[in-house]
Amino acid sequence: MKPLDPRLLRLSRTARGFIVAAAGTGVLRTLATIAIAWGIAAAVTLGVDAVHHGTVPTAIAQALALLGGAFVLRAVAAWATDDLAARAAAKVKSELRATVLARAAERGPSWLAERSSAGFATTLGPGLDALDAYFGRYLPQLALTAIATPVLLVAIGLGDLTSGIILLCALPVIPVFMILIGLATQSLQRKQSDALAKLGGAFTEAVEGLATLKVFGRARRQVGRIGAVTDEYRRGTLGVLRLSFVSGFALELAASLSVALVAVSIGIRLVDGSLGLGAAMFVLVLAPEAFAPIRQVGADFHAAQDGVEASTAVLDVLDDTAPPPARPADVPAADDLVLDGLTVRRPDVVIGPVDLRAAPGTIVVLAGPSGSGKSSLIAAIRGALPHDGTVVVPGPVGTTTTDRTTWADQRPRLVRGTIAENVALSATPDATGVWTALREAGLGLDPGLQVGSGGSGLSGGQAQRVAVARALYRAERARTPLVLLDEPTSALDVEAEAHVVDALRSLADAGAVVVVASHRPAVVAAGNVRVDLRSDGSVTVTRSIGAQA
């Protein structure tokens, strides 16, 4: 593992600024440390002289003042480093998350489909939260080590050349230990990061499929599965902690033996009179400080590993050089929805070809058993899935397919906030438009009602009608000529379904082409054009009497 990934500095301006600021506070802390050593040496020397001569030298007050000022400066520099680290960690995490989400939006659904959604969420969530230790402890200590160690060695060498040479020869022992420990830690920490992603994936999958698991009486089995994954992560964490404690002991032992060599050398030369007391005290105080930064950065290496692994995963995503999908281009003006030989090729089946023309005011129903490809056809129509054949979306000149389309997925995909914010997908929704959309969807809830992530606090049917109201809201405000809905009534009762069917009919009467995937008889009966999909991929298009050409 690199001590500092240059990609992090390249992609985050905050990280670059923090490294410079940490270097500045490191300079202050190093100067304060040297001043403390000088003040202690001067105070002790002057104290010994005072005892010997029976009078207190006036210079002792200056030495004590220097000592007090140095302690204050070091404390302020340490506080500034901690404060800067906390702010930098928060901003860098925010920058990385925003950049990755922007990359995901740029790459589109097909790019996301190649990745584990649970692992992706775990990396962006608790994974990047581990950067707090990386910025709060590791990087400041790394900057301090790079500055303090050579400066302190020079200061010690100026005070006593022999001690400086001893420390210079002993100092490389610690980096050797760090490298050996780092090699052992790297693979262990990577396994631990994978275990965290596995744990997050298991929990997310269990929550997403909880309703289905309860229906089939398999929910309790997930308790044991999640417990086993959790226990595996716990054992891995204990293994990392054991290695951290052993490595800390090794670093402390190497530093202690090195300082002991310096102390023995100084003691011998003090006895024979070849070294003065002031220089001896100065070197003795600074010797442990010369080892402290590099010893501490080795210890903080373990605390930063989780954040390093998470940031590496994120940076690998951002370094993906695959060309993004072409930006949706303006498409020619069209009045009708035209599908000419539309074919979707899935690994298990080829769906199509589909040939139809639907004029404004037409409701097209995609019917068929689950897994027959209704959602795939809708994704192909809106341009989110590669396909063969031609799709012409109705709309005026100078607009893209996205501008011309309103789409509601079969999953509501609600976010934390009010119902109005979920309907409008905005922090400042239009109250009148929200009320109208909720009424047309047959939902009498207060638009200001708060819902949790994923629609918690609402029933399945209520969440589904909020998603339908969202589509109605956009279709009304954006005047989209094409409305696509995937299983909009699958969780609704007969009365609620009738409201949604009436809303679809109103959209069609207003001049939109409505394409709805459903297996519910009431929705199928409302269609002007019925597209039957079979499990083998074959398609039959049927028009009802009076359907528009």
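The values are calculated or read from the model by the stated rules, or taken from the named source; none is laboratory data. Being a predicted model, the structure only gives us computed values, none of them experimental. For neighbour counting, all protein chains shown are included, and Cβ atoms are generated from backbone atoms with ideal geometry for every residue, glycine included.
In summary, D502 fulfils each of the numbered conditions (1) among the acidic types (D, E); (2) more than 28 Å from R416 (Cα to Cα); (3) in contact with a helix residue (DSSP H, G or I) (Cβ under 6 Å, 6 or more places away or on another chain) with the single exception of condition (3).
Looking at the range 446-461, which of its residues are more than 17 Å from Q410 (Cα to Cα) and either surrounded by 11 or more Cβ atoms within 10 Å (Cβ to Cβ) or touching a Cys at 6+ places or on another chain (Cβ under 6 Å) (or both)? Result: P447, G448, L449, Q450, V451, G452, G457. The listed residues are V529, V513, V524, V494, and the only one of them that is among the aliphatic types (A, V, I, L, M), under 27 Å from P429 (Cβ atoms) and assigned by TED's automatic domain parsing to the domain that holds S376 turns out to be V513. Flag: E232 matches the condition of being out of contact with any strand residue (DSSP E or B) (no Cβ under 7 Å at 6 or more places or on another chain) and modelled with pLDDT under 80.
Among residues of the range 429-443 that are at positive phi, those with a beta-carbon under 9 Å from a residue that is acidic (D, E) and surrounded by 20 or more Cβ atoms within 10 Å (Cβ to Cβ) at least six positions away or on a different chain give the pairs G442/E497. Looking at the range 359-458, the strands (runs of 3 or more DSSP E) lying wholly inside it that each contain 2 or more residues that are aliphatic (A, V, I, L, M) and either under 23 Å from A508 (Cα atoms) or at pLDDT below 85 (or both) sit at 363-367, 388-392.
For the range 533-541, the criterion of being without any contact (Cβ under 8 Å) to a residue 60 or more places away in the chain and assigned to a strand (DSSP E or B) is met by at least one residue.
Only one of the listed residues (A478, A463) is assigned by TED's automatic domain parsing to the domain that holds I351 and closer than 22 Å to V392 by Cβ. That residue is A478.
I'd like to check something: does the range 461-483 contain any residue that is in contact (Cβ under 8 Å) with a residue 60 or more places away in the chain, closer than 20 Å to D336 by Cα and of a type in the set (S, T, N, Q)? Within the range 461-483, one or more residues are in contact (Cβ under 8 Å) with a residue 60 or more places away in the chain, closer than 20 Å to D336 by Cα and of a type in the set (S, T, N, Q).
Of all residues being touching an Asp or Glu at 6+ places or on another chain (Cβ under 7 Å) and part of a helix (DSSP H, G or I) in the range 11-40, which is surrounded by the most Cβ atoms within 10 Å (Cβ to Cβ)? Just the residue, please.
Within the range 11-40, the match that is surrounded by the most Cβ atoms within 10 Å (Cβ to Cβ) is T33.
If you check V494, V500, V515 for being over 18 Å from A437 (Cβ atoms), surrounded by 20 or more Cβ atoms within 10 Å (Cβ to Cβ) and out of contact with any Phe, Trp or Tyr (no Cβ under 9 Å at 6 or more places or on another chain), only one passes: V515. Would you check which residues across the range 503-512 are in a helix (DSSP H, G or I), of a type in the set (G, A, S) and surrounded by fewer than 17 Cβ atoms within 10 Å (Cβ to Cβ) and list them? Scanning the range 503-512 gives a single hit, S506.
State the number of residues belonging to the range 428-473 that are under 22 Å from T405 (Cα atoms) and among the aliphatic types (A, V, I, L, M). Residues that pass the stated criteria total 11.
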